[in-house]
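Input: a single structure, listed below in structure tokens.
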Amino acid sequence: MANAQHTPGEFDNDQSAYTHPDIHTHHDEAHGAHVRKNIWRVFWILFAITALEFVIAFVVGRGLFRNVTFILMTVVKAAYIVAVFMHLKDEVKSLIFTIMIPLLFVIWFILALLIEGGFYQGGWFGY
């Protein structure tokens, strides 16, 4: 077993500063309060978006506006969940773009298929 006391920049074997067990063991109450505050903030943001979706479902009549609104709000919630819970917001911009740009092409592809698939005989947009 290696010495438990480490100097900065000195780690056992292949462990880095991010994986070494001595690094993440010192949390105080202020840090815990900050973490709990962030969890509640995420909860209230997702709750507000979901409540707004619920209200729109019963207030706005069926149609293109309601469908587009639901799709946009769902995409916003999904992006926020990915950013917070999968820690994508903490990554470098190049990784974010590496994930998001292909995702935009997939969304475009699905939208194109929906539009073209329903183009004949009235379709989604009533052509």
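The values are calculated or read from the model by the stated rules, or taken from the named source; none is laboratory data. Source: prediction; values computed, not measured. Every residue, glycine among them, receives a Cβ derived from its backbone with ideal geometry; neighbour counts consider all protein chains shown. In case anyone asks, the SASA skips ligands and DNA or RNA and just uses the protein heavy atoms, side chains included. Shrake-Rupley method; radii C 1.70, N 1.55, O 1.52, S 1.80 Å.
Scanning the stretch 58-95 for residues that are closer than 28 Å to ILE115 by Cα, in a helix (DSSP H, G or I) and not β-branched (Val, Ile, Thr) yields a total of 12. Among the residues of the stretch 62-95, the ones that are among the aromatic types (Phe, Trp, Tyr), open to solvent by 80 Å² or more (accessible area, probe 1.4 Å) and over 21 Å from ASN38 (Cβ atoms) come to 1 in all. Taking VAL55 as the residue in question, decide whether it is part of a helix (DSSP H, G or I) and either among the hydroxyl-bearing types (Ser, Thr, Tyr) or at pLDDT 90 or above (or both). Criteria met by VAL55.
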